[in-house]
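For reference, the structure discussed in these notes is given below.
The values are calculated or read from the model by the stated rules, or taken from the named source; none is laboratory data. These numbers were taken from a predicted model, which means no experiment stands behind them. For neighbour counting, all protein chains shown are included, and Cβ atoms are generated from backbone atoms with ideal geometry for every residue, glycine included. Calculation scope for accessible area: heavy atoms of the full protein, side chains included, ligands and nucleic acids excluded. Shrake-Rupley method; radii C 1.70, N 1.55, O 1.52, S 1.80 Å.
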Amino acid sequence: MKIALVGIGKIAQDQHVPAIAASPDWELAATVSRAGSVEGVPAYTSLADMLAAHPDIGTVSLCLPPVPRFFYARELIAAGRHLMLEKPPGATLSECHALEAMAAEAGVSLFATWHSREAAGVAPARDWLSGREIRRVTVTWKEDVRRWHPGQEWVFEPGGLGVFDPGINALSILTEILAQPVHLSGAELLFPQNRQTPIAADLRFAHPGGAEVSAAFDWRQTGPQTWEIAVETASGALRLTEGGGKLSVNGEDIAPEGEGEYPRLYARMAELVRAGASNVDLAPLRHVADAFLLGRRETVAPFDF
Ligand code: NAP
């Protein structure tokens, strides 16, 4: 099936282009980007021009930052194209609900992807936790924003999510591995004096079974980077490290098999299109929205790249 990529930036080049190239399901048939392109693939700077030139491209994958995403998504659904969204699926929950309704009405597949859910340790962690009594969950997601988002000013603009841009990946795993849904009960958000989004956040969640569930996100971490979820249960403990890529149970490493997060996402998209189905789970974004609603705000030192 033919697919187009919109927004040829960091994640498109790092992950989407190689995943499509290796996929038995997809052929990259066009790109839309003001500055970026992919060698050997027809490149457009205007979405409307690409759509007019390629009625045979049935599916489009959006790799834009969250704020400009809705405009493109709406045009694509109106043009009858199936749509795959990078995380987060939109800048607001209402935008995402609107897209879901439009896609259903137009009869196209909409896939709100969460790449971290495809990390190799996540499905085995969910299976191991199933039926166990959860006592404590500790999420630690600490990385250096200068290393992972060099010069990406949009992450500190309204709608750019700040530290929730990586933090929502942790929340996408949390909401996948816990059988019982949690809800946010408190948060502290640290905003640099010169920025619109937080650079660090501490979150607490209420769990129906009374487990202590907390998350610490920080973008000021230099040196070792930490993307970890530790779960204590009444019958053993589990640790997901490296963003869900590694799993240990009771201190023993389990070697989960996996072909990579993005190849799995593109395989799932192919299944959805063939089945005429959609997959839109907004739980991770809901927790972020709740943190912005309920969080206590502190101002911290200015941040510059
Ligand atoms: P990026 O490189 O800053 O942006 C992607 C591309 O989107 C840009 O190259 C730009 O292309 C286009 N773009 C940016 N602002 C735009 C605007 N206002 N209007 C229209 N187009 C615009 O960002 P990224 O790191 O690839 O992230 C994109 C999405 O992928 C985000 O939602 C992010 O959370 C997600 N993601 C990123 C990573 C990562 O490691 N970076 C990992 C997983 C997921 P043109 O200027 O050429 O149009």
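At-a-glance table
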item	result
Residue within segment 229-238 that is small (G, A, S) and surrounded by 15 or more Cβ atoms within 10 Å (Cβ to Cβ) present	yes
Candidate set from segment 81-94 (those that are of a type in the set (A, V, I, L, M) and not in a loop (DSSP other than H, G, I, E, B)); member that is surrounded by the most Cβ atoms within 10 Å (Cβ to Cβ)	L83
From the options A52, A30, residue that is open to solvent by 10 Å² or more (accessible area, probe 1.4 Å) and either within 15 Å of the ligand (Cβ to nearest atom) or of a type in the set (G, A, S) (or both)	A52
Checking E188 against (1) within 16 Å of the ligand (Cβ to nearest atom); (2) out of contact with any helix residue (DSSP H, G or I) (no Cβ under 7 Å at 6 or more places or on another chain); (3) charged (D, E, K, R), the condition it does not meet	(1)
Close pairs from segment 248-271: first under 26 Å from E232 (Cβ atoms), partner of a type outside the set (A, V, I, L, M, F, W, C) and assigned to a helix (DSSP H, G or I), Cβ under 7 Å, at least 6 apart	I254/P124; P256/P124
Residues within segment 221-234 that are in a loop (DSSP other than H, G, I, E, B) and in contact with a strand residue (DSSP E or B) (Cβ under 7 Å, 6 or more places away or on another chain), tallied	4
Qualifying residue in segment 142-156 (condition: assigned by TED's automatic domain parsing to the domain that holds E228, at pLDDT 95 or above, part of a strand (DSSP E or B) and open to solvent by 10 Å² or more (accessible area, probe 1.4 Å))	yes
Residue tally, condition open to solvent by less than 40 Å² (accessible area, probe 1.4 Å) and assigned to a helix (DSSP H, G or I), over segment 96-109	4
Flag if L129 is buried (at least 21 other Cβ atoms within 10 Å of the Cβ), more than 30 Å from N194 (Cα to Cα) and at pLDDT 95 or above	no
V139 being open to solvent by less than 10 Å² (accessible area, probe 1.4 Å), more than 30 Å from I8 (Cβ to Cβ) and at pLDDT 95 or above	yes
A120, sole failed condition from (1) part of a helix (DSSP H, G or I); (2) within 16 Å of the chain's Cα centre (by Cα); (3) not acidic (D, E)	(1)
Neighbours by Cβ (under 6 Å, 6+ apart or cross-chain): first from segment 113-137, closer than 23 Å to F164 by Cα; second assigned to a strand (DSSP E or B) and open to solvent by 20 Å² or more (accessible area, probe 1.4 Å)	G121/K246; R136/E212; R136/E232
Failed item in (1) over 23 Å from R274 (Cα atoms); (2) more than 11 Å from the ligand (Cβ to nearest atom), with P18 passing the rest	(1)
Boolean, A237 is touching a Ser or Thr at 6+ places or on another chain (Cβ under 6 Å) and not in a helix (DSSP H, G or I)	no
Qualifying residue in segment 66-80 (condition: open to solvent by less than 60 Å² (accessible area, probe 1.4 Å), within 8 Å of the ligand (Cβ to nearest atom), in a loop (DSSP other than H, G, I, E, B) and not hydroxyl-bearing (S, T, Y))	no
